[in-house]
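Asker: One structure, as structure tokens, below. Some questions next.
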Amino acid sequence: MKLVFAGTPEVAVPALDALIASGRHEVAAVVTRPDAPAGRGRRLVASPVAERALEAGIEVLKPAKPRDEDFLARLREIGPDCCPVVAYGALLPKVALDVPAHGWVNLHFSLLPAWRGAAPVQHAVMAGDEITGASTFLIEQGLDSGPVYGTVTEEVRPTDTSGDLLTRLAFAGSGLLLATMDGIEDGSLKAVPQPADGVTLAPKITVEAAQVDWAAPALRVDRVVRGCTPAPGAWTVFRGERLKIIQAAQVPDRTDLAPGELSAAKNNVYVGTGSHAVELLWVQPQGKKPMRGADWARGVRIAPDERLGGGDVG
């Protein structure tokens, strides 16, 4: 088939690579979000998908909105049979959805109908799911509600961050997306409507939702830290400034600390929760680079009555 691939971040690149390397389908063009400011200089930078497409000599389309007439005219001119999508980042209007004969097929990183929305992997980790996966489905006007072509499952490991899990799903999902394109092309694959039961939503994790509640059980704290890593980043307040919690570990035999209470030793720093303590392995103070929790604790010289959480951020 002739394909126009839509995607933006690094997580979409493995799927694009798989389609380019297949030899069976032609990736005629790539649709991605416009260049965005990045780095300290805030200069405009092309998306990872745009950079990969240019390396491969593929035409790149960067509409401000996918309903722009110039973009739609070029899409019709290319005449794709199908448009595979991975984390494109913009809503597709019906006028665009109607262009390819086989529609737009999305690779979504959950086992639909679970975790429909922008942050399925983060929500899976934060909810304590033991199994998740990826699905390919035909995009409709509803939120991730279209009929499903196929799925692949992936175990959620006890120490997985959302970044770890998303990386594995990006590669497993690339094979699923390619197999879906093959099945659509030869007519062996038909999309099956999603069940009405089991729908859960996965909206974008806000910075506010990533604040650690030290009164929650250690299990919940651990899940929030892992689910919000690398983005948006779990955080708490210390001395009126934001302290990012990059990595923590549960310590079941420490039950002597109140929620938010700190205990620093030479090589460790512990904080109390609603159940047992957690050890702060890696943190990032406001305006500084990531550091080991014990190094941070030595540097700030924690007073006996100081705690994490509460108070306003300066």
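Asker: Relative to 2.2 N^0.38 Å, what does the C-alpha radius of gyration of segment 231-287 come to as a ratio? Two decimals please.
Answerer: 1.10
Asker: Still on this structure, please answer the following. Where does each of 168-175, 218-225 land if you order them by average Cβ count within 10 Å, highest first?
Answerer: Going from most to least packed, we get 218-225, 168-175.
Asker: Might you tell me the accessible area per residue for the chain, computed with a 1.4 Å probe and given in Å²?
Answerer: Accessible area per residue, the chain: 48 Å².
Asker: Once every Cα of segment 73-173 carries one equal point scatterer and solvent is ignored, give the base-10 log of I(q)/I(0) from the Debye formula at q = 0.11, 0.20, 0.21 Å⁻¹, two decimals.
Answerer: Treating every Cα as an identical point scatterer, log10 I(q)/I(0) equals -0.36, -0.95, -1.02.
Asker: Further, regarding this structure: Share of the chain's accessible area from carbon and sulfur, percent, 1.4 Å?
Answerer: After summing per-atom areas, the C and S share lands at 52 percent.
Asker: Based on a Kirkwood Rh over C-alpha pairs, give the Stokes-Einstein translational diffusion coefficient of the chain at 10 °C and viscosity 1.306 mPa s in µm²/s.
Answerer: Using the Kirkwood radius from Cα pairs, D works out to 75 µm²/s.
Asker: A further question on this structure: About the Cα centre of the chain, how large is the charge dipole given +1 on each Lys and Arg Cβ and -1 on each Asp and Glu Cβ? Please answer in debye to the nearest 20.
Answerer: Value, rounded to 20: 1020 debye.
Asker: Of the beta bridges DSSP finds with both residues in the chain, what % are antiparallel, to the nearest 5?
Answerer: 70 percent
Asker: Between Arg24 and Glu306, how many nm apart are label points set 7 Å from Cα along the C-beta direction?
Answerer: Taking the two extended label points, one gets 6.0 nm.
Asker: Given R₀ = 22 Å, FRET efficiency for Ala249-Asp213 by Cβ-Cβ distance, to 0.05?
Answerer: Computed FRET efficiency for Ala249 and Asp213 comes out at 0.80.
Asker: Among Val95, Val11, Cys83, whose Cα lies farthest out toward the positive end of the dipole of the chain, if unit charges sit on the beta carbon of Lys, Arg (+1) and Asp, Glu (-1)?
Answerer: The listed residue farthest towards the positive side: Val11.
Asker: Follow-up question, since we're still on this one. Counting pairs of alpha carbon atoms under 8 Å apart in space and at least six apart in sequence, what relative contact order in percent does the chain give?
Answerer: Once normalised by length, the contact order is 13 percent.
Asker: Hey, what did segment 159-314 get for relative contact order, percent, Cα under 8 Å, at least 6 apart?
Answerer: So the answer I get is 21 percent.
Asker: Residue by residue through segment 145-162, what is 3J(HN,Hα) from phi via Karplus (6.51 cos²θ - 1.76 cosθ + 1.60, θ = phi - 60°)? Round to whole Hz and write x for glycine and proline.
Answerer: 9, x, x, 9, 8, x, 9, 9, 9, 8, 6, 8, 7, x, 9, 4, 8, 5
Asker: For Lys266, go through the lysines and keep the ones whose alpha-carbon is under 23 Å away, minus same-chain ones fewer than eight residues off.
Answerer: Lys244, Lys288, Lys289
Asker: For a protection proxy built on the mean count of beta-carbon atoms within 10 angstrom, sort 239-251, 190-202 highest first, please.
Answerer: Per-residue Cβ counts within 10 Å, averaged per peptide and sorted highest first, yield 239-251, 190-202.
Asker: Just to confirm a number: summing +1 for Lys and Arg and -1 for Asp and Glu over residues other than Asp129 whose beta-carbon lies under 13 angstrom from that of Asp129, what do you get?
Answerer: Once positives and negatives cancel, what remains is -1.
Asker: Kindly provide the pair-distance distribution of segment 163-314 built from C-alpha pairs, with 10 Å bins from 0 and whole-percent values in order of increasing distance.
Answerer: The percentages, shortest bin first, are 10, 33, 26, 13, 11, 6, 1.
Asker: Moving on to the next point. With Rg and the Kirkwood Rh both taken from Cα atoms, where does Rg over Rh land for segment 1-105?
Answerer: Answer for segment 1-105: 0.96.
Asker: Mind listing the long-range amide H neighbours of Val31? Cut-off is under 5 Å, sequence gap 5 or more, other chains count too, H placed in the peptide plane at 1.01 Å from N.
Answerer: Amide H neighbours of Val31, under 5 Å, 5+ apart: Phe5, Ala6, Gly7, Leu61.
Asker: While we're looking at this one, here's another question. Give the lysines reachable from Lys65 as a straight Cα distance under 18 Å; neighbours fewer than 8 places away on the same chain don't count.
Answerer: Within the straight-line limit of under 18 Å, Lys65 reaches these lysines: Lys94.
The values are calculated or read from the model by the stated rules, or taken from the named source; none is laboratory data. On a predicted model such as this, the values are computed, not experimentally measured, just so you know. Counting neighbours? That spans all protein chains shown, and the Cβs are built from the backbone with ideal geometry, glycine included. Heavy atoms of the whole protein, side chains included, go into the accessibility calculation; ligands, DNA and RNA do not. Shrake-Rupley method; radii C 1.70, N 1.55, O 1.52, S 1.80 Å.
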